[in-house]
Amino acid sequence: MKKIHIHTFGCAYVGNRPPPSPTSRPWDLCLNAQHLRDPHDSGLNPATRDRFLAENFEEVKFIAAFADFLVGLVFQRFDEAAIAINCKHGWARSVSLAEILANHFREAGHAVEVVHLHHGEPPIESDCDG
């Protein structure tokens with residue numbers, strides 16, 4: 001079975017550079033979720049994800065379609081695809097988007113691994129936009 005890795009991170013902690021890819025290749029898709037409307041609550045909360053999706057429906061629809069396209073290309077050559085998603089602190093926008101995409105890919109029959117690198121970290125001051 002093909003597998004998709006989705007990792008989130010906060011640019012306040014590491015800048016806009018994603019962490020190392022979980023595959024032997026670079027990330028297949030890196031997304032900056034800072035331009036999306038911020039639900040200001042944990043993306044692990046289903047109600048937060050629902051609100052996030054309602055407030056960013058067209059954007060998420062486009063991102064999911066593009067991710068489908070790109071993952072399809074990757075799966076023509078490899079058994080794994082890797083997606084990195086960031087926002088300022090890695091706990092609201094990026095986590096919401098990652099969980100929505102993970103459900104989308106699972107419904108399509110793919111194995112999905114989701115890792116939220118900074119979800120439990122306290123917010124810090126940062127020049128990182130968002």
Which of the residues belonging to the range 1-50 are farther than 26 Å from HIS110 by Cβ, at pLDDT 90 or above and basic (Lys, Arg)? ARG37
Of the conditions (1) touching a residue at least 60 places away in the same chain (Cβ under 8 Å); (2) surrounded by fewer than 19 Cβ atoms within 10 Å (Cβ to Cβ), ASP127 clears all except one; give me its number. (1)
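To keep it simple, each residue is scored yes or no on (1) more than 17 Å from ILE83 (Cβ to Cβ); (2) within 14 Å of the chain's Cα centre (by Cα); (3) hydroxyl-bearing (Ser, Thr, Tyr).
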position	(1), (2), (3)
HIS5	no, yes, no
CYS11	no, yes, no
ASN16	no, yes, no
SER21	no, yes, yes
TRP27	no, yes, no
HIS40	yes, no, no
LEU44	yes, yes, no
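One line per residue, one yes/no per condition, for (1) surrounded by 21 or more Cβ atoms within 10 Å (Cβ to Cβ); (2) within 19 Å of HIS116 (Cα to Cα); (3) in contact (Cβ under 8 Å) with a residue 12 or more places away in the chain:
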position: TYR13; (1), (2), (3): no, yes, yes
position: SER42; (1), (2), (3): no, yes, yes
position: ASN45; (1), (2), (3): no, yes, no
position: ASN56; (1), (2), (3): yes, no, yes
position: PHE62; (1), (2), (3): no, no, no
Are any residues in the range 84-120 over 12 Å from HIS7 (Cα atoms), touching a strand residue (DSSP E or B) at 6+ places or on another chain (Cβ under 7 Å) and surrounded by fewer than 19 Cβ atoms within 10 Å (Cβ to Cβ), and if so, which ones? ARG106, HIS110, ALA111
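Residue-by-condition table, conditions (1) aliphatic (A, V, I, L, M); (2) more than 13 Å from the chain's Cα centre (by Cα):
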| position | (1), (2) |
| --- | --- |
| ALA65 | yes, yes |
| GLN76 | no, yes |
| HIS89 | no, no |
| ALA92 | yes, no |
| ALA102 | yes, no |
Residues of the range 73-124 being among the charged types (D, E, K, R) and in contact (Cβ under 8 Å) with a residue 60 or more places away in the chain, in sequence order, are ASP79, GLU80, LYS88, ARG93, GLU113, GLU121
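The values are calculated or read from the model by the stated rules, or taken from the named source; none is laboratory data. Everything numeric in this text was worked out from a predicted model, so none of it was measured. Because the Cβ atoms are built from the backbone with ideal geometry, glycine has one as well, and the counts that use them run over all protein chains shown.
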